[in-house]
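The values are calculated or read from the model by the stated rules, or taken from the named source; none is laboratory data. Values in this document were obtained by computation on a predicted structure and should not be read as measured data. With ideal geometry, Cβ positions are generated from the backbone for all residues, glycine too; neighbour counts draw on all protein chains shown. What goes into the accessible areas is simple: the full protein's heavy atoms, side chains included, and nothing from ligands, DNA or RNA. Shrake-Rupley method; radii C 1.70, N 1.55, O 1.52, S 1.80 Å.
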Amino acid sequence: MYYKLLLVLLFGFTISEIKAQTKFTDVSKEAGIRHVFKVHEGMFGGGAAVLDFNQDGWEDLYITGGKNSDQLYRNNGDGTFSDWFEEAGLSVTRKYITQGVASADINRDGWPDLVVTTITLSKNPPAIPRAINLLFLNKGDGSFRDATAAYGLGNHFSFSTGASFGDFNADGWPDLYIGNYFNQYEGELSKITDATVVGANQIAKGYLYLNEKGKNFREVSAGYGLNQAGFGFGGLFTDYDNDRDQDLYINHDFGYKRTANLFYENKFPGNYFQEIGKQTGMDLKINSMGSAVGDLNNDGWMDYYITNIRFNAFMVNESKGKFFVNRTRELGCSYSGISWGANFADFDQDGDLDLFVSNGDLNPSCNPIGDYYFENTGARFEERARAVGLQDYGIGRGSVVFDYDRDGDLDLFVVNQESVCPDYPVLSESRLYRNDTKGGNWLTVALSGVDAEKNGIGSRVEILAGKIRMIREIDGGGTSHISQNSLLAHFGLGQSVTVDSVIVHWTGGNRQAVTNIKANQFFKIVEIAAPRKQNTIWYILMVAGLLGLGLFIWISRQKKS
């Protein structure tokens, strides 16, 4: 016991941690990533999105910078990245204090586009509402064009946080939700407290944009029943009730003072959402910063981890979508901190989901808080951030998972803010962590929608490998904190060398299965489109006509004979 205490005092680790293999390596510098998010006045911002903007098979990164310039990092395919921001034609973002980002193929031309949220102008900031959000269409030549005004986003001035894509009407065109925080606020952001956020005019409604066949976004929140305002940190499209349409979970800050988190059930094919937060237990009255979604126990139902100031909430789906129970304490995740980003992923590829959580003080409070890494041990989670190399004390915000080096396991990128305090004790810079876990088979599935959204956003991938059944939702953004993970569905398989079947539940209702897939490969599934309704009707009429004609000829011949 004394030796163990001595090791902790001298070196900061225990005997059990000495035995543990370090699974993650900070490769930010060698990968060529130099990024730090700079806040405007205080607290807000820091998101990232994973996308393959040049469609070369290697996933890239877009990172917002706040008062600093945004960055678009092109993956060079050799473990390094190059900042492609200027070449991409995205310099207009420097006119704004940027916050979050999400990506989808808005016009279905095969190239991923971008939406970047903002809170104000970078020069001579006006009073709230302060600025417009930005939309960029991918030109397919490594550059983007500003389509903000053309697609209707320039009509709305707001103080926006997170963006997320989904397909709530299942027509194959990605729709958009943008969370808004303030409708009116005259103070400095560094001085926000419980007392300063109780004004009746401060909270804001989010924007729900319907994609009109890739030509325009129409704001439809009121018509779809999204009428409640709050201190919004964005929303998450997810199918909580397994009815094959996308519901919407909205994170609200200061939920105990004003509006709790909202949970909207999609009533598709009706054109509206119904708020069900209270009846499902998901109306959390907390400082909700972000959400992670995953099937914790492989029971076929999605569970949710919600970040917060102090204690986070691990909401387990225990009644087939009817009610959720906070199991944070029972699952071993009851740690006090100030959490923002969160990511479910099978980092060690043993067939269950682990959990990463990024922490950071409110800035300018500036007290160092280490990030969390919860390893799934079966019945519970074990916090092992220090042991695996992830206990960074930077001022964390958004975080994303993706396989940047295409070695089959999931790597991690964390956005960190520059400290407002000049004497912050550690270097707070964004971090790229390479996953160096050894062992465990895997399968990574990419989707290509035909009727469904082009990259499968909103669709669900299910696999069967022996006795294990796992599901993943394709991320359209809003996961973690104002960020977006990879569009690829990754599965750890443990010792399994074959996947018995991969089943895709496409938005729009198509179901498709592929069987007997070998492990340890990137596997692409192209949607087999269902017969179009109009084609089906035409076919029926044609057959009926031919049958009628045949009957007429037969009757005519009978009369002649």
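Within the stretch 402-422, is even one residue modelled with pLDDT under 95 and touching a Phe, Trp or Tyr at 6+ places or on another chain (Cβ under 6 Å)?
No: the stretch 402-422 contains no residue that is modelled with pLDDT under 95 and touching a Phe, Trp or Tyr at 6+ places or on another chain (Cβ under 6 Å).
Looking only at residues that are surrounded by fewer than 17 Cβ atoms within 10 Å (Cβ to Cβ) and modelled with pLDDT under 95 in the stretch 496-531, which one is nearest to Gly179 (Cα to Cα)?
Gly509
Of all residues in the stretch 419-450, which are under 24 Å from Thr80 (Cβ atoms) and of a type outside the set (S, T, N, Q)?
Leu427, Glu429, Arg431, Leu432, Tyr433, Arg434, Asp436, Lys438, Trp442, Ala446
Checking the conditions here, which among Asp436, Asp423, Asp405 is over 23 Å from Asn76 (Cα atoms) and either open to solvent by 10 Å² or more (accessible area, probe 1.4 Å) or in contact (Cβ under 8 Å) with a residue 24 or more places away in the chain (or both)?
Asp423
Quick check on my filter: what residues within the stretch 445-458 are open to solvent by 10 Å² or more (accessible area, probe 1.4 Å) and either in a loop (DSSP other than H, G, I, E, B) or under 27 Å from Gly46 (Cβ atoms) (or both)?
Val450, Asp451, Lys454, Asn455, Gly458
Among the residues in the stretch 121-128, are any among the hydroxyl-bearing types (Ser, Thr, Tyr), open to solvent by 20 Å² or more (accessible area, probe 1.4 Å) and touching a residue at least 40 places away in the same chain (Cβ under 8 Å)?
yes
Counting only residues that are touching a His at 6+ places or on another chain (Cβ under 8 Å) and part of a loop (DSSP other than H, G, I, E, B), how many does the stretch 108-121 have? Steps first, please.
Just the residues of the stretch 108-121 that are touching a His at 6+ places or on another chain (Cβ under 8 Å), to begin with: 119-120.
When the remaining residues are screened for being part of a loop (DSSP other than H, G, I, E, B), the result is none.
Qualifying residue count for the region: 0.
Does Arg145 fit the bill of being open to solvent by 10 Å² or more (accessible area, probe 1.4 Å), assigned to a strand (DSSP E or B) and either under 24 Å from Ser486 (Cα atoms) or not basic (Lys, Arg) (or both)? Give the steps one after another, and end with the answer.
Working: open to solvent by 10 Å² or more (accessible area, probe 1.4 Å): yes; assigned to a strand (DSSP E or B): yes; either under 24 Å from Ser486 (Cα atoms) or not basic (Lys, Arg) (or both): yes.
The answer is yes for Arg145.
Checking Asn363 against (1) over 25 Å from Asp52 (Cβ atoms); (2) modelled with pLDDT of 95 or more; (3) buried (at least 22 other Cβ atoms within 10 Å of the Cβ); (4) not hydrophobic (A, V, I, L, M, F, W, C), which single condition isn't satisfied?
Here Asn363 clears every test but (2).
Here is a list: Ser334, Ser358. Which entry is among the polar types (S, T, N, Q) and open to solvent by less than 10 Å² (accessible area, probe 1.4 Å)?
Residue meeting the stated conditions: Ser358.
Answer yes or no: is there a residue in the stretch 40-52 that is of a type in the set (Asp, Glu), in a loop (DSSP other than H, G, I, E, B) and buried (at least 21 other Cβ atoms within 10 Å of the Cβ).
yes
Can you find, within the stretch 178-230, the residue that is most open to solvent (accessible area, probe 1.4 Å) among those that are among the aromatic types (Phe, Trp, Tyr) and not in a loop (DSSP other than H, G, I, E, B)?
This residue is Tyr207.
Check the stretch 409-416 and report whether any residue there is at negative phi, surrounded by fewer than 20 Cβ atoms within 10 Å (Cβ to Cβ) and in contact with a strand residue (DSSP E or B) (Cβ under 9 Å, 6 or more places away or on another chain).
Scanning the stretch 409-416 turns up no residue that is at negative phi, surrounded by fewer than 20 Cβ atoms within 10 Å (Cβ to Cβ) and in contact with a strand residue (DSSP E or B) (Cβ under 9 Å, 6 or more places away or on another chain).
Select from the stretch 367-412 the residues that are in a strand (DSSP E or B) and in contact with a helix residue (DSSP H, G or I) (Cβ under 9 Å, 6 or more places away or on another chain) and list them in ascending order.
Of all residues in the stretch 367-412, those in a strand (DSSP E or B) come to 372-376, 381-383, 395-402, 411-412.
Tyr372, Tyr373, Phe374, Glu375, listed by residue number.
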